[in-house]
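Before any comments, here is the structure.
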Amino acid sequence: MRWNKKWMALTIASALAAGSLAGCGGKGETNESGEEITELTWYQVGDSQNDDQTVLEKVNEYTQEKIGVKLNIVKVGWGDYNQKMQVVINTGDAWDLCFTCSWANDYLQNAQKGAFLELDDLIQEQEMYERIDPRFWEAAKVGGVTYGVPSEKEIGNCPMWVFTKEYVDKYDIPYEEIHSLEDLEPWLKLIKEKEPDVVPLYLTKDYTAPTYMDKIQDPVGIEYGDDSLTVKNVFETERMKSTLATMRKYYTEGYINKDAATASDDKSIKRFVTKGDGQPYAELIWGKDLGYEVVATQIMDTKITNASARGALTAVNKNSEHPEKAIALLNLINTDEYLRNLLNYGIEGVHWEKAEPDASEAEAAKGKEYVYDFKIKLDEAAKKDYSVPYWVQGGLFNTYVLDNEPLDKWATFKEFNDASEEAPSFGFDFNLDPVSTQVAGFRNVLDEFGKSLYTGSVDPEEYLPQLQKKLEATGVQDVIDEMQSQIDEWKDGK
């Protein structure tokens with residue numbers, strides 16, 4: 001009897017152990033081909049949606065059969081993403097992929113500190129490597145090594161003036177001839193006189209005056225067109241000094257809203273012109289956002305910098321247990337039309353329907369790249385339950401266009417990218433370790449003075465010297481000297 005009890009206990013223990021092993025890496029779930037399913041955790045920036053799980057179930061049905069991958073997507077809100085990812089990376093949490101870029105979850109710094117996996121051996125044979133513009137791959141290299149898969153979209157920095165079409169039409173304003181800050185002046189004066197309820201130049205705390213420089217480490221960088229690659233403090237350049245003086249003049253003339261340095265965008269405020277970060281057909285997005293038509297013109301030629309070309313990437317965790325599967329997933333997303341649009345727009349018949357393009361438009365677009373047989377119309381009710389930042393997940397050129405967009409939208413984007421010029425500093429990465437203490441002090445100084453100076457809210461003759469003095473105290477010259485040394489070495493090695 002005692003032997004039987006001992007035998008039964010061992011049998012139960014063995015069964016429990018087997019079950020435990022199955023949940024911890026033993027033979028688990030398989031697809032129809034008998035391939036074991038690998039679960040990948042992907043951190044993305046963006047707000048959670050009501051239909052996230054419904055769409056993800058559909059995504060997983062497809063990816064499990066295609067490549068044996070099941071996705072666990074973790075979305076983190078815009079305001080929390082940087083802090084959350086610092087914790088996730090620094091504490092060694094288990095994850096496989098994450099969104100990273102030049103402005104969130106800093107790509108360069110994470111790559112330099114070894115948080116991301118070196119991908120060169122994994123991506124060379126992938127279809128996406130051939131498809132994506134090589135300049136995106138060049139920007140993805142840090143110290144000659146690729147640490148992220150870029151989302152192919154607009155590649156350059158393209159600031160624009162955004163005009164309310166109602167006033168452009170009413171006063172026959174030649175907006176397409178307006179480029180520089182100074183070009184605006186006669187029209188700002190006209191609007192102030194003729195339209196007292198309209199803000200001629202509407203600005204918010206996020207506004208940065210036109211800057212003709214690659215600010216490699218704000219406020220230090222290389223001016224556009226400077227092939228000598230001379231490192232400068234942007235506030236010491238004649239162009240910026242002149243710009244700040246003009247901004248002050250516009251402010252004192254009453255062309256700029258008085259609360260510009262502290263304001264958040266209030267779409268109910270009537271405005272003649274504001275500034276935006278542009279791309280082809282950006283006016284359609286801005287107009288939809290504002291609720292009325294706008295037109296736009298470029299402030300300066302489009303320039304490609306590391307920051308602009310690193311606008312969106314997906315990196316793989318250095319400690320991921322499944323790097324090959326992670327790359328297989330990214331390759332599928334960037335090459336598979338069905339999967340890319342499922343992630344992008346949700347489920348056909350639920351979140352969107354196909355829409356036939358105009359016959360003449362289809363004929364005009366025939367033969368162009370990235371043109372699809374149909375457009376899509378979002379369901380007005382369902383889109384509230386699934387709306388995602390498209391560029392977070394992958395490239396844009398294999399996504400369908402909306403019914404209010406040109407059929408050849410992505411062909412135009414490609415032409416825009418092809419025509420964009422590389423800044424002289426494109427490809428240079430600044431290792432800030434030798435001057436990290438000095439750089440850390442810049443943010444407080446820029447926050448104290450930047451918004452008020454950029455918006456013309458204070459007199460630059462009085463406040464610019466104060467800004468310079470505080471930057472000098474934080475060691476701005478040390479940063480200039482170190483960057484110059486590094487960029488000279490980089491230039492010699494090109």
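The values are calculated or read from the model by the stated rules, or taken from the named source; none is laboratory data. The model shown is predicted, which means the values in this text are computed figures rather than measured ones. Here Cβ is always computed from backbone atoms with ideal geometry, including for glycine, and neighbour counts include all displayed protein chains. Each accessible area value is taken on the protein alone, full model and side chains, heavy atoms only, with ligands, DNA and RNA left out. Shrake-Rupley method; radii C 1.70, N 1.55, O 1.52, S 1.80 Å.
Taking first residues from segment 111-127 that are without any contact (Cβ under 8 Å) to a residue 40 or more places away in the chain and partners that are of a type outside the set (F, W, Y), the Cβ contacts under 8 Å between residues at least 6 apart in sequence or on separate chains come to E118/V145; E118/T146; D120/V145; D120/T146.
When you look at W391, is it within 20 Å of D336 (Cβ to Cβ), open to solvent by 20 Å² or more (accessible area, probe 1.4 Å) and either without any contact (Cβ under 8 Å) to a residue 60 or more places away in the chain or out of contact with any Leu (no Cβ under 8 Å at 6 or more places or on another chain) (or both), yes or no?
Values: within 20 Å of D336 (Cβ to Cβ): yes; open to solvent by 20 Å² or more (accessible area, probe 1.4 Å): yes; either without any contact (Cβ under 8 Å) to a residue 60 or more places away in the chain or out of contact with any Leu (no Cβ under 8 Å at 6 or more places or on another chain) (or both): yes.
It is true that W391 is within 20 Å of D336 (Cβ to Cβ), open to solvent by 20 Å² or more (accessible area, probe 1.4 Å) and either without any contact (Cβ under 8 Å) to a residue 60 or more places away in the chain or out of contact with any Leu (no Cβ under 8 Å at 6 or more places or on another chain) (or both).
Apart from one condition, S33 fits all of (1) without any contact (Cβ under 8 Å) to a residue 60 or more places away in the chain; (2) among the hydroxyl-bearing types (S, T, Y); (3) in a helix (DSSP H, G or I); the exception is (3). Within segment 111-129, the residues that satisfy the criterion of being in contact with a Ser or Thr (Cβ under 6 Å, 6 or more places away or on another chain) and open to solvent by less than 80 Å² (accessible area, probe 1.4 Å) are L119, D120, M128. L201 meets all of the listed conditions (1) at pLDDT 95 or above; (2) within 22 Å of the chain's Cα centre (by Cα) but one, namely (2).
Of the residues E415, E369, E361, which is open to solvent by 30 Å² or more (accessible area, probe 1.4 Å), in contact with a helix residue (DSSP H, G or I) (Cβ under 6 Å, 6 or more places away or on another chain) and acidic (D, E)? Before you say what the answer is, go through the steps one by one.
On the way: E415 fails: in contact with a helix residue (DSSP H, G or I) (Cβ under 6 Å, 6 or more places away or on another chain); E361 fails: in contact with a helix residue (DSSP H, G or I) (Cβ under 6 Å, 6 or more places away or on another chain).
It is E369.
Residue count for segment 421-463 satisfying the condition of being within 17 Å of Y207 (Cβ to Cβ) and either in contact (Cβ under 8 Å) with a residue 40 or more places away in the chain or surrounded by 19 or more Cβ atoms within 10 Å (Cβ to Cβ) (or both): 12. Out of N398, N344, one residue alone is within 29 Å of E57 (Cβ to Cβ), under 26 Å from the mean Cα position of the chain (by Cα), part of a helix (DSSP H, G or I) and at pLDDT 95 or above. It is N344. Scanning segment 375-395 for residues that are outside any helix (DSSP H, G or I) and more than 29 Å from T100 (Cβ to Cβ) yields K375, K377, D379, E380, A381. Checked against (1) more than 23 Å from the chain's Cα centre (by Cα); (2) farther than 30 Å from I222 by Cα, N317 meets all criteria but (1). Taken over segment 403-412, the criterion of being open to solvent by less than 20 Å² (accessible area, probe 1.4 Å) and either farther than 30 Å from D289 by Cβ or not in a helix (DSSP H, G or I) (or both) is satisfied by L407 alone. Residue by residue through segment 157-190, note down the ones that are within 25 Å of the chain's Cα centre (by Cα) and over 24 Å from D418 (Cα atoms). Passing the criteria: only F163.
Can you work out which of the residues in segment 204-239 that are under 18 Å from F449 (Cα atoms) and β-branched (V, I, T) is farthest from the chain's Cα centre (by Cα)? Restricting to residues being under 18 Å from F449 (Cα atoms) and β-branched (V, I, T), the top hit is T237.
Could you grab me the full set of residues in segment 41-79 that are closer than 22 Å to A315 by Cα, of a type outside the set (S, T, N, Q) and free of Cβ contacts under 8 Å to residues at least 12 places away in the same chain? Passing the criteria: only G79.
Does N82 satisfy the criteria of being of a type in the set (S, T, N, Q) and without any contact (Cβ under 8 Å) to a residue 40 or more places away in the chain? Reasoning before the result, please.
Working: of a type in the set (S, T, N, Q): yes; without any contact (Cβ under 8 Å) to a residue 40 or more places away in the chain: yes.
Yes: the conditions hold for N82.
For segment 243-278, which positions are part of a loop (DSSP other than H, G, I, E, B), open to solvent by less than 30 Å² (accessible area, probe 1.4 Å) and under 18 Å from E448 (Cβ atoms)? A260, A261, A263 - these are the residues of segment 243-278 that are part of a loop (DSSP other than H, G, I, E, B), open to solvent by less than 30 Å² (accessible area, probe 1.4 Å) and under 18 Å from E448 (Cβ atoms). Within segment 210-242, the set of residues being assigned to a strand (DSSP E or B), touching a residue at least 60 places away in the same chain (Cβ under 8 Å) and either in contact with a Ser or Thr (Cβ under 8 Å, 6 or more places away or on another chain) or hydroxyl-bearing (S, T, Y) (or both) comprises D214, I216, G221, I222.
Scanning segment 133-166 for residues being surrounded by fewer than 21 Cβ atoms within 10 Å (Cβ to Cβ), in contact with a strand residue (DSSP E or B) (Cβ under 7 Å, 6 or more places away or on another chain) and not in a helix (DSSP H, G or I) gives a total of 1. Scanning segment 36-67 for residues that are part of a loop (DSSP other than H, G, I, E, B) and touching a helix residue (DSSP H, G or I) at 6+ places or on another chain (Cβ under 9 Å), we see that the one that is most open to solvent (accessible area, probe 1.4 Å) is N50.
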